[in-house]
Amino acid sequence: MGTSGGWDRYQVAGPGAASPDSDITAVSRFRDNMEVWWTGPDNVVHGGFWYDDGQGWKGPYALPGPVGATPAGGLAAASRINTSMEAWLVGSDTSVRGAFWYDYGKNWRAYHDPVALPTAAASTSGMAALSRIDTSMEIWWIGVDGSVQGAFWYKGQHHDAWQRYQLAPLGK
(Lines give C-alpha, C1' and ligand atoms only; values in the text may rest on other atoms or scores of the structure.)
Protein backbone atom coordinates (compact mmCIF):
# COMPACT_ATOMS: atom_id res chain seq x y z
CA MET A 1 0.00 0.00 0.00
CA GLY A 2 1.02 3.56 -0.63
CA THR A 3 1.74 5.98 2.19
CA SER A 4 -1.79 7.39 1.96
CA GLY A 5 -3.38 3.97 2.47
CA GLY A 6 -4.39 3.73 -1.21
CA TRP A 7 -3.03 2.23 -4.37
CA ASP A 8 0.57 2.81 -5.43
CA ARG A 9 0.73 4.35 -8.91
CA TYR A 10 3.43 3.92 -11.52
CA GLN A 11 3.96 4.53 -15.22
CA VAL A 12 4.24 1.55 -17.60
CA ALA A 13 4.90 3.67 -20.72
CA GLY A 14 5.40 7.39 -21.19
CA PRO A 15 2.94 10.08 -22.28
CA GLY A 16 1.56 9.51 -25.77
CA ALA A 17 2.38 5.76 -25.74
CA ALA A 18 -1.28 4.75 -26.07
CA SER A 19 -4.08 5.87 -28.32
CA PRO A 20 -6.79 7.56 -26.21
CA ASP A 21 -9.41 5.07 -27.44
CA SER A 22 -7.17 2.02 -26.99
CA ASP A 23 -8.34 -1.16 -25.33
CA ILE A 24 -5.99 -2.64 -22.73
CA THR A 25 -5.44 -6.16 -21.43
CA ALA A 26 -3.04 -7.88 -19.06
CA VAL A 27 -1.93 -11.31 -17.89
CA SER A 28 0.31 -12.82 -15.24
CA ARG A 29 2.13 -16.05 -16.08
CA PHE A 30 3.29 -16.60 -12.51
CA ARG A 31 3.41 -14.83 -9.18
CA ASP A 32 6.30 -12.45 -9.91
CA ASN A 33 5.36 -11.39 -13.45
CA MET A 34 2.89 -9.04 -15.17
CA GLU A 35 2.46 -8.23 -18.85
CA VAL A 36 0.16 -5.55 -20.33
CA TRP A 37 -0.79 -4.59 -23.93
CA TRP A 38 -2.44 -1.52 -25.50
CA THR A 39 -2.81 0.10 -28.90
CA GLY A 40 -0.38 2.91 -29.62
CA PRO A 41 -1.03 6.06 -31.68
CA ASP A 42 0.81 4.26 -34.52
CA ASN A 43 -2.11 1.75 -34.57
CA VAL A 44 0.16 -1.09 -33.43
CA VAL A 45 -0.29 -3.22 -30.30
CA HIS A 46 2.48 -2.54 -27.80
CA GLY A 47 3.30 -4.29 -24.56
CA GLY A 48 5.32 -3.89 -21.42
CA PHE A 49 6.37 -6.39 -18.78
CA TRP A 50 7.42 -6.47 -15.14
CA TYR A 51 9.34 -9.04 -13.12
CA ASP A 52 9.88 -8.81 -9.38
CA ASP A 53 13.59 -8.19 -9.91
CA GLY A 54 13.80 -4.55 -8.79
CA GLN A 55 14.26 -3.22 -12.35
CA GLY A 56 10.71 -1.92 -12.87
CA TRP A 57 8.67 -2.06 -16.09
CA LYS A 58 10.40 -2.89 -19.38
CA GLY A 59 9.22 -2.10 -22.89
CA PRO A 60 7.34 -1.05 -24.78
CA TYR A 61 7.69 -3.57 -27.57
CA ALA A 62 5.40 -4.22 -30.55
CA LEU A 63 3.47 -7.45 -31.16
CA PRO A 64 4.28 -8.96 -34.57
CA GLY A 65 2.09 -8.20 -37.60
CA PRO A 66 -0.48 -8.93 -38.75
CA VAL A 67 -1.54 -9.36 -35.13
CA GLY A 68 0.12 -6.25 -33.81
CA ALA A 69 -0.87 -4.02 -36.71
CA THR A 70 -4.13 -2.13 -37.24
CA PRO A 71 -6.33 -3.39 -34.42
CA ALA A 72 -9.91 -2.18 -34.64
CA GLY A 73 -11.54 -3.61 -31.55
CA GLY A 74 -10.71 -5.32 -28.32
CA LEU A 75 -7.61 -6.98 -26.99
CA ALA A 76 -7.50 -10.10 -24.80
CA ALA A 77 -4.74 -12.24 -23.30
CA ALA A 78 -4.35 -15.49 -21.38
CA SER A 79 -1.57 -17.67 -20.00
CA ARG A 80 -2.32 -21.38 -19.86
CA ILE A 81 1.10 -22.35 -18.48
CA ASN A 82 3.81 -20.28 -16.80
CA THR A 83 6.09 -20.50 -19.85
CA SER A 84 3.54 -19.24 -22.38
CA MET A 85 1.24 -16.31 -23.19
CA GLU A 86 -1.28 -15.71 -25.97
CA ALA A 87 -2.81 -12.40 -27.08
CA TRP A 88 -5.75 -11.76 -29.46
CA LEU A 89 -7.32 -8.75 -31.13
CA VAL A 90 -10.04 -7.73 -33.53
CA GLY A 91 -8.19 -6.63 -36.68
CA SER A 92 -9.08 -3.74 -38.95
CA ASP A 93 -10.62 -6.30 -41.36
CA THR A 94 -12.79 -7.50 -38.41
CA SER A 95 -11.00 -10.83 -38.24
CA VAL A 96 -9.86 -12.28 -34.90
CA ARG A 97 -6.09 -12.71 -34.85
CA GLY A 98 -3.65 -14.05 -32.30
CA ALA A 99 0.00 -14.28 -31.31
CA PHE A 100 1.86 -16.51 -28.89
CA TRP A 101 5.04 -16.42 -26.80
CA TYR A 102 6.85 -19.39 -25.30
CA ASP A 103 9.72 -19.02 -22.83
CA TYR A 104 12.01 -21.22 -24.92
CA GLY A 105 11.64 -19.11 -28.09
CA LYS A 106 11.77 -15.69 -26.38
CA ASN A 107 9.99 -14.06 -29.36
CA TRP A 108 6.35 -13.36 -30.07
CA ARG A 109 5.00 -15.10 -33.17
CA ALA A 110 1.74 -14.37 -34.99
CA TYR A 111 -0.69 -17.21 -35.66
CA HIS A 112 -0.37 -18.42 -39.24
CA ASP A 113 -4.16 -18.22 -39.75
CA PRO A 114 -6.74 -16.00 -38.04
CA VAL A 115 -8.99 -17.56 -35.40
CA ALA A 116 -11.95 -16.05 -37.27
CA LEU A 117 -11.95 -14.71 -40.83
CA PRO A 118 -12.72 -11.10 -41.84
CA THR A 119 -16.25 -9.89 -41.03
CA ALA A 120 -16.43 -12.24 -38.03
CA ALA A 121 -16.25 -9.55 -35.34
CA ALA A 122 -17.81 -6.13 -34.87
CA SER A 123 -15.15 -3.48 -35.45
CA THR A 124 -15.75 -2.08 -31.95
CA SER A 125 -16.06 -5.45 -30.23
CA GLY A 126 -14.44 -6.03 -26.89
CA MET A 127 -12.81 -9.39 -26.21
CA ALA A 128 -12.39 -11.75 -23.28
CA ALA A 129 -10.13 -14.75 -22.83
CA LEU A 130 -9.24 -17.34 -20.24
CA SER A 131 -7.50 -20.62 -19.70
CA ARG A 132 -9.21 -22.80 -17.11
CA ILE A 133 -6.80 -25.72 -17.53
CA ASP A 134 -3.28 -25.91 -18.93
CA THR A 135 -4.40 -27.67 -22.13
CA SER A 136 -7.17 -25.28 -23.12
CA MET A 137 -7.90 -21.64 -24.00
CA GLU A 138 -11.18 -19.85 -24.83
CA ILE A 139 -11.84 -16.43 -26.38
CA TRP A 140 -15.07 -14.48 -26.97
CA TRP A 141 -16.06 -11.45 -29.05
CA ILE A 142 -19.15 -9.70 -30.42
CA GLY A 143 -20.08 -10.65 -33.98
CA VAL A 144 -20.96 -8.13 -36.70
CA ASP A 145 -24.64 -9.06 -36.22
CA GLY A 146 -24.55 -8.47 -32.44
CA SER A 147 -24.23 -12.15 -31.54
CA VAL A 148 -21.71 -13.43 -28.99
CA GLN A 149 -19.09 -15.57 -30.71
CA GLY A 150 -16.46 -17.82 -29.19
CA ALA A 151 -13.58 -20.10 -30.04
CA PHE A 152 -11.78 -22.78 -28.06
CA TRP A 153 -8.46 -24.57 -28.37
CA TYR A 154 -7.60 -27.90 -26.75
CA LYS A 155 -4.05 -29.20 -26.96
CA GLY A 156 -3.92 -32.34 -29.08
CA GLN A 157 -7.53 -32.17 -30.30
CA HIS A 158 -8.72 -31.19 -33.78
CA HIS A 159 -5.11 -30.99 -34.93
CA ASP A 160 -4.59 -28.17 -32.39
CA ALA A 161 -6.93 -25.94 -34.43
CA TRP A 162 -9.29 -23.32 -33.02
CA GLN A 163 -12.94 -24.38 -33.07
CA ARG A 164 -15.56 -21.62 -33.34
CA TYR A 165 -19.09 -21.51 -31.94
CA GLN A 166 -21.93 -19.08 -31.32
CA LEU A 167 -22.59 -18.57 -27.63
CA ALA A 168 -25.64 -16.32 -27.99
CA PRO A 169 -27.43 -15.45 -31.23
CA LEU A 170 -28.59 -11.97 -32.11
CA GLY A 171 -31.24 -10.71 -29.68
CA LYS A 172 -30.62 -13.26 -26.91
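The values are calculated or read from the model by the stated rules, or taken from the named source; none is laboratory data. The structure displayed is predicted, hence computed values, not measured ones. In case anyone asks, the SASA skips ligands and DNA or RNA and just uses the protein heavy atoms, side chains included. Shrake-Rupley method; radii C 1.70, N 1.55, O 1.52, S 1.80 Å.
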Cα shape, segment 68-132, gyration tensor, a/c 1.5 rule: prolate
Selected from D23, D53, D160 as most flexible by GNM, with the chain as the system and alpha-carbon contacts under 10 Å: D53
State whether segment 116-172 is rounded, prolate or oblate according to the following rule on the C-alpha gyration tensor (a ≥ b ≥ c being the square roots of its eigenvalues): a/c under 1.5 gives rounded; otherwise a/b larger than b/c gives prolate, and the remaining case gives oblate. prolate
Given the convex hull of the Cα atoms of segment 25-148, what is a quarter of its surface area in nm²? 7.6
Where the accessible area of the chain is counted over protein heavy atoms with a 1.4 Å probe, how much of it, in %, is carbon and sulfur? 54
Cα gyration tensor shape for segment 35-87, rounded if a/c is under 1.5, else prolate or oblate: oblate
Check: C-alpha center segment 1-56 vs C-alpha center segment 115-142, spacing in Å is 22
Leaving out ligands and nucleic acids, and using a 1.4 Å probe, what accessible area per residue does segment 41-158 come to in Å²? 45
